[in-house]
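Remarks on the structure that follows.
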Amino acid sequence: MTAHAWRNWSGLTTTAPTEVLHPTTTEDVVGAVQQARELGTTVKMPGTGHSFTGIAAPEGIMLDPSELSGLIEADAENLTATAYAGTPLHLLNSALAEAGLSLHNMGDIAEQTIAGATSTGTHGTGGVVASLSAQIAGLELVTGTGETIRATAEENPDVFAVARLGLGALGILTRITFKVEPLFTLEAHEFPMLWDEAIAEFDRMAEENHHAELYWFPHTDRILAKENNRILDEAQPVGRFRGWLDDELLSNTLFGVVNKIGNRRPGWIPKINNISGQMLSERTYSDVPHKVFTSSRSVVFREMEYAVPREVGLEALREVRKWIDSSGINISFPIEVRTTPADDIALSTSSGRESMYLAFHMNAQTDHTAYFAGVENILRGYDGRPHWGKLNTRTAADLEPAYPRWGEFQAVRDRLDPDRVFSNAYLRRVLGD
Ligand SMILES: Cc1cc2nc3c(=O)[nH]c(=O)nc-3n(C[C@H](O)[C@H](O)[C@H](O)COP(=O)(O)OP(=O)(O)OC[C@H]3O[C@@H](n4cnc5c(N)ncnc54)[C@H](O)[C@@H]3O)c2cc1C
């Protein structure tokens, strides 16, 4: 019997760690790893549990990240910022903004911890770099043998090459240093498009804008396009009422009600999507970057996201549409289309190749398995790589060929965690024992 319980955001994984510790220092983390070794058990620090997979699930000792949090230093001269690994992104974002700094790019939400987000390759769209991992300039981690290692491009470069996206399998991160930029104003332009036009225009949009993305409403031709660009003008934030209407009422409250109706009457979903698509309207606003990039999400859903080589991305999307149209499955959530430049991290989904990301969502009350299985089957055929934090059915044996630098990651894993004190069921599946 254990008194502890851990559950991820989507509610798909629950575990019962044997003990929960609350480290406040790197030394505490070293002590916890030593304790796990002595007991012959595992130790894991989850972030905020926003991964849909069981990647963060603690099976032995769990390290609560909440007291290993806060900005340590923002260096405006060298354009770096160092924070404790358990810092939630929204705290980092506001502390950086106060210091007149910002990350270059980020994903859709800011609830995650910086260690959790980087360990799975959390990304946005476009930019010079799109993932948070690729914005890391240095890190400190405690290895499976209780050693503390710092890694940058110059210091322990072999560790740096893999540990910026370590899946929680290489060590417990204690501090992360990001490359940052002087605070800038980001302008968002959101507007409706139709499928044929969006497919024809997307390459140009991605080329001409700093950050471009599409949300396609399945069973319809309707698309919401978003283009975010850096501007030199003063910020013109979205008005309070319009912000509440678009971001809270339409994206969360009303969307939640619409999903409940769709759950009861799945046959109505195509019509509902068409009506939602027709309600899309154009808007332009600007603000500090994190207020434009990120928003809140209160409707609980399940998600799978695949990265495919950029040049076949739109073709893959067209094939997915054909399959959805013939599948008979009703899908209420839009499909998100983003792009990233190539990066140099061994197990990054963008490692060595420019990528297009296609993200599929299903609300938590509907069985997602047939939908995700059908799409996954198509995207595997495009040499797709699944987001490590989002649902997938892949195994180490079939992921290895998708990553030319797989062996490099595994060699560092064998060295840093020879006894697999950081392992759990998900890591055994996707990385092997
Ligand atoms: C509503 C929602 C929106 C999302 N939007 C996006 C998006 O726009 N783009 C995108 O790419 N992803 C997105 N995601 C996925 C999400 O960003 C990732 O799953 C991310 O990993 C979650 O961070 P977390 O802090 O919750 O980490 P967790 O899910 O708790 O953990 C993830 C991994 O990090 C490891 N970890 C955590 N802390 C440490 C540490 N200190 N040392 C070593 N390992 C550690 C865990 O062990 C685990 O392996 C979204 C998820 C949700 C639920």
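The values are calculated or read from the model by the stated rules, or taken from the named source; none is laboratory data. Quick caveat, the model's predicted, so the values are computed rather than measured. Note that each Cβ is placed from the backbone with ideal geometry, even for glycine, and that neighbours are counted across all protein chains shown.
Things worth noting here:
- Checked against the criterion of being on the phi > 0 side of the Ramachandran plot, surrounded by 24 or more Cβ atoms within 10 Å (Cβ to Cβ) and in contact with a Lys or Arg (Cβ under 9 Å, 6 or more places away or on another chain), the candidates 168, 126 yield just one match: 168.
- Looking across 186, 141, one residue alone is within 9 Å of the ligand (Cβ to nearest atom) and either under 14 Å from residue 344 (Cα atoms) or touching a strand residue (DSSP E or B) at 6+ places or on another chain (Cβ under 8 Å) (or both). It is 141.
- Residues in the stretch 5-25 that are near the ligand (Cβ under 10 Å from one of its atoms) and of a type in the set (S, T, N, Q) were compared, and the one that is surrounded by the most Cβ atoms within 10 Å (Cβ to Cβ) is 8.
- Qualifying residues in the stretch 388-406 (those that are in contact with a Phe, Trp or Tyr (Cβ under 7 Å, 6 or more places away or on another chain) and part of a loop (DSSP other than H, G, I, E, B)) - the one farthest from the ligand (Cβ to nearest atom): 391
- Of all residues in the stretch 362-373 being at pLDDT 95 or above and in contact with a strand residue (DSSP E or B) (Cβ under 7 Å, 6 or more places away or on another chain), the one that is nearest to residue 326 (Cα to Cα): 371
- Residue that is free of Cβ contacts under 8 Å to residues at least 40 places away in the same chain and surrounded by fewer than 24 Cβ atoms within 10 Å (Cβ to Cβ), where the choices are 98, 67: 98
- Restricting attention to the stretch 111-123, the residues that are assigned to a loop (DSSP other than H, G, I, E, B), more than 6 Å from the ligand (Cβ to nearest atom) and over 25 Å from residue 229 (Cβ atoms) add up to 1.
- Whenever a residue of the stretch 257-286 is in a loop (DSSP other than H, G, I, E, B), its partners that are at pLDDT 80 or above and not β-branched (Val, Ile, Thr), lying with C-beta atoms within less than 6 angstrom and at least six residues away or across chains, give the pairs 280/192; 280/224; 282/191.
Yes/no matrix, rows are residues, columns are (1) out of contact with any helix residue (DSSP H, G or I) (no Cβ under 9 Å at 6 or more places or on another chain); (2) under 19 Å from residue 174 (Cβ atoms):
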| residue | (1), (2) |
| --- | --- |
| 57 | no, no |
| 65 | no, yes |
| 68 | no, yes |
| 85 | no, yes |
| 94 | no, no |
| 98 | yes, no |
| 104 | no, no |
| 109 | no, no |
| 112 | no, yes |
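- Of all residues in the stretch 374-387, those satisfying the criterion of being within 16 Å of the ligand (Cβ to nearest atom) and assigned to a loop (DSSP other than H, G, I, E, B) are 384, 387.
- Scanning the stretch 269-281 for residues that are more than 20 Å from residue 321 (Cβ to Cβ) and out of contact with any Leu (no Cβ under 9 Å at 6 or more places or on another chain) gives a single hit, 281.
- Among the conditions (1) away from the ligand (no atom under 16 Å from the Cβ); (2) within 20 Å of the chain's Cα centre (by Cα); (3) closer than 26 Å to residue 168 by Cα, residue 361 misses just one, which is (1).
- Here the condition is being touching a residue at least 24 places away in the same chain (Cβ under 8 Å) and more than 25 Å from residue 74 (Cα to Cα); of 178, 191, it holds for 191 alone.
- Looking across the stretch 400-410, just one residue is under 19 Å from residue 424 (Cβ atoms) and out of contact with any helix residue (DSSP H, G or I) (no Cβ under 6 Å at 6 or more places or on another chain), and that is 410.
- Of all residues in the stretch 153-183, those satisfying the criterion of being in a strand (DSSP E or B), more than 19 Å from the chain's Cα centre (by Cα) and more than 16 Å from the ligand (Cβ to nearest atom) are 181, 182.
- Failed condition for residue 324, given (1) crowded, with 19+ Cβ neighbours inside 10 Å; (2) within 16 Å of the ligand (Cβ to nearest atom): (2)
- Residue, farthest from residue 187 (Cα to Cα), within the stretch 94-110, restricted to residues that are of a type in the set (Gly, Ala, Ser) and assigned to a loop (DSSP other than H, G, I, E, B): 99
- For the stretch 257-304, residues that are away from the ligand (no atom under 16 Å from the Cβ) and among the acidic types (Asp, Glu) total 2.
- Within the stretch 350-357, at least one residue is closer than 22 Å to residue 197 by Cα and touching an Asp or Glu at 6+ places or on another chain (Cβ under 9 Å).
- Matching residues, the stretch 26-47, being part of a loop (DSSP other than H, G, I, E, B), within 13 Å of the ligand (Cβ to nearest atom) and either surrounded by fewer than 16 Cβ atoms within 10 Å (Cβ to Cβ) or polar (S, T, N, Q) (or both): 42
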